[in-house]
Amino acid sequence: MRMLGLDVGDRRIGLAISDPNGQVAVPLRTLHRTAQDGAVDAIAALVAEENVEAIVVGLPLRLDGSAGSQAESVQEFVRQLLPAVNVPVTLWDERLSTVQAEQLLRRDGPPSRKGKAERDSLAAAIILQGYLDSRPGRQAE
């Protein structure tokens with residue numbers, strides 16, 4: 001099952017996609033959000049092009065597990081996305097995924113010119129991989 005992972009931010013949306021079997025997530029690209037946000041349409045088109053069967057959206061909860069303004073913003077984005085895609089959309093706790101992405105990028109050397117966009121797509125892959133790994137039967141693989 002091919003899945004799409006989203007790391008939704010105010011300025012960018014990081015995208016990651018799984019392999020066709022839903023085993024491994026890889027960073028895909030980053031969408032830049034604008035005032036006339038076409039992100040929903042771009043994601044809907046990607047779902048159709050890549051035969052995506054489900055979407056996992058990172059939900060940025062606070063460290064104590066409560067939802068703040070950014071989590072509410074992500075939930076509003078999902079409400080806009082749902083009518084545009086004909087696949088299930090799951091919210092997934094993404095606490096510290098961006099921090100993990102930054103640490104991985106720093107470990108690999110000096111930041112590239114793509115910086116934040118690269119970080120956001122990597123964070124989306126971390127979110128999606130966490131979801132993929134949590135599914136029943138995955139721990140034994």
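Take each peptide in 74-86, 17-29, count the other Cβ atoms within 10 Å of every residue, and average; sorted highest first, the result is 17-29, 74-86. Judged by the mean number of other Cβ atoms found within 10 Å, the most tightly packed of the peptides 54-60, 87-93, 42-48 leads the ranking 54-60, 42-48, 87-93.
Read-outs: derived from the displayed coordinates by stated rules, not from any lab. Bear in mind that the values here come from a model prediction, so they are computed numbers and not experimental data. Cβ coordinates were reconstructed from backbone atoms using ideal geometry, including for glycine residues, and neighbour counts include every protein chain displayed.
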